[in-house]
Amino acid sequence: RMVADGDRNVTELSDARVDVFVYACLVALMARGARAHEEAEAHLASVARSAGCDAPVVSSAGALIRTLQERGVRRVAIITPYTPGLTRKVADYIEEYDIEVVDSASLAVPDNVQVGRLDPEDLPGHARGLDLSRADMLIASCCVQMPSLAVLERIERWLLRPQRGGTGRSPVTGG
């Protein structure tokens, strides 16, 4: 329903002369298939222009992919609140951009409201359960609704601590 209501939402918000439109549900776009964010961003920008607003449109899915590409990331590990099937769709989507998902954790929370109530303090434990030996980056919250900001620094310190025979692990990002 979120995708279907996009045109109406952008048209109505165009009257507010916003600076930017943000489509903030990563999985709603990624579940639609390869490169869906590119089509959605372009389409919604066209809808905005038709309504007299030149504000750019960005999506969380597009922002994630662009950030990974700009940083030259080739391999990631991900933590999602989704069921394993949806997590696989997210991984497939990321891999369409030649970025390998080397490991993932699916928290299997089927209720969207419950995703927003997840305890961010659990994320470091989920991160420690992943094999990050080949990952360039950990995406610690592959969902903008999943709370993560409070613990990202702690996860990053853990990842960057000196390892046996190495200088540290991967950087971390949250949704």
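Worth pointing out:
- Kirkwood-Stokes translational diffusion coefficient of the range 12-52, alpha-carbon pairs, 10 °C, 1.306 mPa s, µm²/s: 143
- Anisotropy class of the range 37-111 from Cα gyration tensor, a/c 1.5 cut: oblate
- Size of charge dipole - the range 64-165 - debye, nearest 20, with Cβ of Lys, Arg +1 and Asp, Glu -1, no other charges: 280
- Cα Rg, Dmax (largest Cα-Cα span) when computed across the chain, Å: 17.1, 58
- Cα long-axis angle, helix 84-95 against the chain (0 to 90 degrees, to the nearest 10): 80
- Beta bridges assigned by DSSP with both partners in the range 1-117 are antiparallel in approximately 0 percent of cases.
- Take each peptide in 58-70, 119-131, count the other Cβ atoms within 10 Å of every residue, and average; sorted highest first, the result is 58-70, 119-131.
- C-alpha long axis of helix 60-70 to longest principal axis of the chain, angle in °: 60
- Helix axis angle, 149-160 relative to the chain longest principal axis, alpha carbon, degrees: 40
- Pairwise Cα distances in the range 97-158 exceed 19 Å for 32 percent of all pairs.
- Surface composition of the chain: carbon and sulfur atoms hold 48% of the protein heavy-atom accessible area at a 1.4 Å probe.
The values are calculated or read from the model by the stated rules, or taken from the named source; none is laboratory data. Only a predicted model underlies this, so the values are computations on that prediction, with no experimental measurement involved. Don't worry about glycine lacking a Cβ; one is built from the backbone with ideal geometry, like all the others, and counts go over all protein chains shown. In case anyone asks, the SASA skips ligands and DNA or RNA and just uses the protein heavy atoms, side chains included. Shrake-Rupley method; radii C 1.70, N 1.55, O 1.52, S 1.80 Å.
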